[in-house]
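Before any comments, here is the structure.
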Amino acid sequence: MTADRQDTEKVGRKRKFDRAAINVFQTDFLVIGSGIAGLSFALKACEHGEVIIVTKKENFESNTNYAQGGIASVQDKDDSFEMHIKDTLECGVGLCDLRAVEVLVKEGPQAVKELIHWGVHFTRDRKHPERLSLGREGGHSHRRIVRADDLTGREVEHALLEQLKSKSNVTVLENHLAVDLITKKNSSGSKRCIGVFALERHTGSVKAYVSKVTLLAAGGCGQVYQHTTNPDIATGDGVAMAYRAGARIANMEFIQFHPTALYSAKGKAFLISEAVRGEGAVLRKLNGKTFMERYHTMGCLAPRDVVARVIDREMKLSGDKYMLLDLSPIPAERIRERFPNITAECLSRGLDITKEPIPVVPSAHYVCGGVLTDINACTNIEALLGTGEVTCTGVHGANRLASNSMLEAIVFSNRAYQTAVKLIEKLPRQEIDLKSFEYGKVGVTDYDGVFISHNREMLRMTMWDYVGIMRSNNRLAEARKWLKTLSDEIETFYNNSPLNPDLVELRNMATVANLIVKCAQIRKESRGLHQNTDYPNRNDRKYLKNTVVEKKG
Ligand SMILES: Cc1cc2nc3c(=O)[nH]c(=O)nc-3n(C[C@H](O)[C@H](O)[C@H](O)COP(=O)(O)OP(=O)(O)OC[C@H]3O[C@@H](n4cnc5c(N)ncnc54)[C@H](O)[C@@H]3O)c2cc1C
């Protein structure tokens, strides 16, 4: 037990922090998360004050680091803002916020320029090296995907981290898991965020980081599903923390399932980028027959939700565990040159994709919903801004257009930066009442790894089986029932155990899973990524609006 924990003060059934026992650190800007959203904000904010970034594992561990395809933005003279906006709106099935989409698309090319300025090496056109090489992905009417081979995210993540090294007033705290936001009530009764409590993994101590402005950039929640393309960090902590603090959460029912993750009977899924189909690869059943043309005019290049649903349907009809992605229309040399990472990863798993088709299955990939923000990245909590996958800005609506998410993160982080700079002018530094933070009855129960891993698997399986690609009223009700039991157990355990990163994540996953089910039950229609067999059609009269949930009390 750490000194911090020994010094806790017993209040009623729960223990609370003793002011003297916890270290408090002050900063101007606090950033939670070190993906593209958090890092691009920090690089600008540090010109105006001190920045602390807390990130729960190594600094590069993020969804950003695994992004393959690229960043959508209008670059070609034959392309236009109007067409990118149109593609985005069509994909979002009536729920996109036009103003947010216009910001996304029109500020996109400048954001790409900034990334290049920060040292990101995007792939150049072979014949015209002065131009960027542009890829095409599902749902896009033009080639407009800026990329760094098929490792775009890694290139971006590493370039931004490299830039930060030269910034003396940015501190990146790795292995610091944000546990809960610290809020206080303004005299008007509204809430203001004044920082975060973070658990240092290696020492087990909790520290308070107090800020004038806090940026929530904690990414997505793919880990709540049994099959996901997301890395382990994606446990929805940001949404869960914000919800507990009183932030408005929207559209959590819209979970994007990537149609083509490499099928693996055991082990981690690996994403086979949509760009592979963009280059000409074709989906086939195990008997060799194609099927996409029967479902959509764009065939294999239909929007990814359509492709995911069709694969799911074909797998259920045939009983097959996967479908095949046939790359034979693409010359072997082109495959190796265009997809070096996918080629190497598959080869390491014994599959030569220049000779054999890839077995693929759909996997949870991206959450379109999140903490509700306006076009200036403000949440309903004062001094709490949000950007990236953790938010719901309105740009994706009921479905995200491929490669619009890193674009969203960087464009809205720039907006958050502009908002934050104005805010710190008028907001004083805050004193903090540590007694307001409860973290459980320490030491009553020992750390119980089996409890955590068992419940984590139960939760992920429940979400996969009942709240997956095709939903129904019965499945959602069943999920609600199971999740209630699980959540009650987890909450009791949380309140009676030493604070532990796995437990903090499990609690957050339960909160997020409940939010997804709640939103899915509110939307009694099928639209975009949310498909319910009991309501097979869209109902514009009733549901042409966001599903917004907020914690009571
Ligand atoms: C395999 C894959 C491929 C993808 N391909 C593309 C693509 O081609 N184009 C595209 O636009 N998008 C793509 N995406 C989606 C895109 O990568 C993400 O939406 C985007 O990178 C999100 O950026 P972010 O900064 O919001 O979150 P992330 O990059 O996920 O960063 C979140 C950060 O928050 C930290 N964090 C989380 N919880 C806590 C906590 N409690 N305390 C402290 N730190 C915390 C994490 O450790 C991480 O550093 C892909 C995603 C995946 C998984």
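The values are calculated or read from the model by the stated rules, or taken from the named source; none is laboratory data. Just so you know, these numbers come straight off a predicted model, no measurement behind them. Ideal geometry is used to build each Cβ from the backbone, glycine not excepted, and the neighbour counts take in all protein chains shown. Side chains included, ligands, DNA and RNA excluded: accessible areas come from the protein's heavy atoms. Shrake-Rupley method; radii C 1.70, N 1.55, O 1.52, S 1.80 Å.
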Open item on the list: Residues that are closer than 22 Å to Ala510 by Cα and open to solvent by 10 Å² or more (accessible area, probe 1.4 Å), at least 2 per element: which strands (runs of 3 or more DSSP E) completely within the stretch 133-251 meet that?
Closed with: 176-185
Task: Residues of the stretch 92-109 satisfying the condition of being in contact with a helix residue (DSSP H, G or I) (Cβ under 8 Å, 6 or more places away or on another chain) and surrounded by fewer than 22 Cβ atoms within 10 Å (Cβ to Cβ) - done: Gly94, Leu98, Glu102, Val103, Lys106, Glu107
Task: Selection count where residues are within 9 Å of the ligand (Cβ to nearest atom) and closer than 21 Å to Pro501 by Cα, scope the stretch 39-57 - done: 5
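Can you pull out every residue in the stretch 202-232 that is closer than 22 Å to Leu459 by Cβ and among the charged types (D, E, K, R)? Full working, then the answer.
Initial filter on the stretch 202-232 (closer than 22 Å to Leu459 by Cβ): 218-232.
Passing the criteria: only Asp232.
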TODO: Just one of (1) closer than 30 Å to Tyr263 by Cβ; (2) in contact with a Leu (Cβ under 6 Å, 6 or more places away or on another chain); (3) of a type outside the set (Asp, Glu); (4) surrounded by fewer than 24 Cβ atoms within 10 Å (Cβ to Cβ) trips up Phe122, so point out which.
DONE: (1)
Open item on the list: Every residue in the stretch 319-352 that is β-branched (Val, Ile, Thr) and more than 29 Å from the chain's Cα centre (by Cα), please.
Closed with: Ile330
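In this structure, is Asp374 closer than 30 Å to Arg527 by Cβ and without any contact (Cβ under 8 Å) to a residue 24 or more places away in the chain?
On the way: closer than 30 Å to Arg527 by Cβ: yes; without any contact (Cβ under 8 Å) to a residue 24 or more places away in the chain: yes.
Yes; evaluated as a whole, the condition is true for this residue.
What number of residues within the stretch 269-292 satisfy the criterion of being polar (S, T, N, Q), within 16 Å of the ligand (Cβ to nearest atom) and farther than 16 Å from Leu151 by Cα?
Narrowing the stretch 269-292 to residues polar (S, T, N, Q): 273, 287, 290.
Retained after the next criterion (residues that are within 16 Å of the ligand (Cβ to nearest atom)): 273.
Among the residues that remain, those that are also farther than 16 Å from Leu151 by Cα are: none.
Of the residues in the stretch 269-292, 0 are polar (S, T, N, Q), within 16 Å of the ligand (Cβ to nearest atom) and farther than 16 Å from Leu151 by Cα.
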TODO: Go through the stretch 164-199 and give me each residue that's of a type in the set (A, V, I, L, M) and either under 23 Å from the mean Cα position of the chain (by Cα) or farther than 15 Å from Gly38 by Cα (or both).
DONE: Leu164, Val172, Leu173, Leu177, Ala178, Val179, Leu181, Ile182, Ile194, Val196, Ala198, Leu199
Task: Scope the stretch 488-505; condition under 22 Å from the mean Cα position of the chain (by Cα) and open to solvent by less than 30 Å² (accessible area, probe 1.4 Å); matching residues - done: Pro501, Leu503, Val504, Glu505
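Does the stretch 174-189 include one or more residues that are within 13 Å of the ligand (Cβ to nearest atom), among the acidic types (Asp, Glu) and touching a strand residue (DSSP E or B) at 6+ places or on another chain (Cβ under 6 Å)? Give the steps one after another, and end with the answer.
Our first condition is that a residue be within 13 Å of the ligand (Cβ to nearest atom); within the stretch 174-189, this holds for 174-181.
Pick out the ones that are also among the acidic types (Asp, Glu) and you get 174, 180.
Subset that is touching a strand residue (DSSP E or B) at 6+ places or on another chain (Cβ under 6 Å): 180.
Within the stretch 174-189, one or more residues are within 13 Å of the ligand (Cβ to nearest atom), among the acidic types (Asp, Glu) and touching a strand residue (DSSP E or B) at 6+ places or on another chain (Cβ under 6 Å).
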Task: Filter pass, Ala261 being modelled with pLDDT under 95 and outside any loop (DSSP other than H, G, I, E, B) - done: yes
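How many residues does the stretch 47-73 contain that are among the hydrophobic types (A, V, I, L, M, F, W, C) and surrounded by fewer than 22 Cβ atoms within 10 Å (Cβ to Cβ)? Break it down stepwise before answering.
Initial filter on the stretch 47-73 (among the hydrophobic types (A, V, I, L, M, F, W, C)): 51-54, 60, 67, 71-72.
Those still in the list that are surrounded by fewer than 22 Cβ atoms within 10 Å (Cβ to Cβ) too: 60.
Residues flagged as among the hydrophobic types (A, V, I, L, M, F, W, C) and surrounded by fewer than 22 Cβ atoms within 10 Å (Cβ to Cβ) within the stretch 47-73 amount to 1.
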Open item on the list: Any residue at all in the stretch 17-34 that's buried (at least 23 other Cβ atoms within 10 Å of the Cβ), at pLDDT 95 or above, closer than 30 Å to Gly138 by Cβ and within 11 Å of the ligand (Cβ to nearest atom)?
Closed with: yes
- [ ] Look at the stretch 540-553 and say how many of its residues are more than 24 Å from the chain's Cα centre (by Cα) and farther than 18 Å from Asp97 by Cα.
- [x] 2
Task: Hits in the stretch 506-548 - residues which are open to solvent by 10 Å² or more (accessible area, probe 1.4 Å) and not in a loop (DSSP other than H, G, I, E, B) - done: Arg507, Thr511, Asn514, Lys518, Gln521, Ile522, Tyr535, Asp540, Arg541, Lys542, Tyr543, Val548
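Per-residue answers, yes or no, for (1) under 25 Å from Asn59 (Cα atoms); (2) of a type in the set (A, V, I, L, M):
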{"residue": "Arg192", "(1), (2)": "no, no"}
{"residue": "Thr203", "(1), (2)": "yes, no"}
{"residue": "Ala208", "(1), (2)": "yes, yes"}
{"residue": "Gly222", "(1), (2)": "yes, no"}
{"residue": "His227", "(1), (2)": "yes, no"}
{"residue": "Gly236", "(1), (2)": "yes, no"}
{"residue": "Tyr263", "(1), (2)": "no, no"}
{"residue": "Lys285", "(1), (2)": "no, no"}
{"residue": "Arg294", "(1), (2)": "no, no"}
Task: Contacts under 6 angstrom Cβ, first residue in the stretch 40-56 being within 19 Å of Ala234 (Cα to Cα), partner surrounded by fewer than 24 Cβ atoms within 10 Å (Cβ to Cβ) and of a type outside the set (A, V, I, L, M, F, W, C), 6 or more apart - done: Val54/His176; Thr55/Glu174
Task: the stretch 110-119: number of residues that are small (Gly, Ala, Ser) and crowded, with 16+ Cβ neighbours inside 10 Å - done: 1
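Quick check on this structure: which one of Ile381, Ile432 is more than 30 Å from Val307 (Cα to Cα), hydrophobic (A, V, I, L, M, F, W, C) and modelled with pLDDT of 90 or more?
After ruling out the rest, the residue left standing is Ile381.
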Open item on the list: For the stretch 95-117, which positions are assigned to a loop (DSSP other than H, G, I, E, B) and either over 23 Å from the mean Cα position of the chain (by Cα) or without any contact (Cβ under 8 Å) to a residue 40 or more places away in the chain (or both)?
Closed with: none
TODO: Select from the stretch 391-431 the residues that are in contact with a strand residue (DSSP E or B) (Cβ under 7 Å, 6 or more places away or on another chain), among the β-branched types (Val, Ile, Thr) and outside any helix (DSSP H, G or I) and list them in ascending order.
DONE: Thr391
Open item on the list: Being at pLDDT 95 or above, touching an Asp or Glu at 6+ places or on another chain (Cβ under 8 Å), among the β-branched types (Val, Ile, Thr) and within 16 Å of the ligand (Cβ to nearest atom) is the requirement here; does Ile249 meet it?
Closed with: yes
Open item on the list: Go through the stretch 351-378 and report how many residues are out of contact with any helix residue (DSSP H, G or I) (no Cβ under 7 Å at 6 or more places or on another chain), open to solvent by 10 Å² or more (accessible area, probe 1.4 Å) and either among the hydrophobic types (A, V, I, L, M, F, W, C) or not in a strand (DSSP E or B) (or both).
Closed with: 9
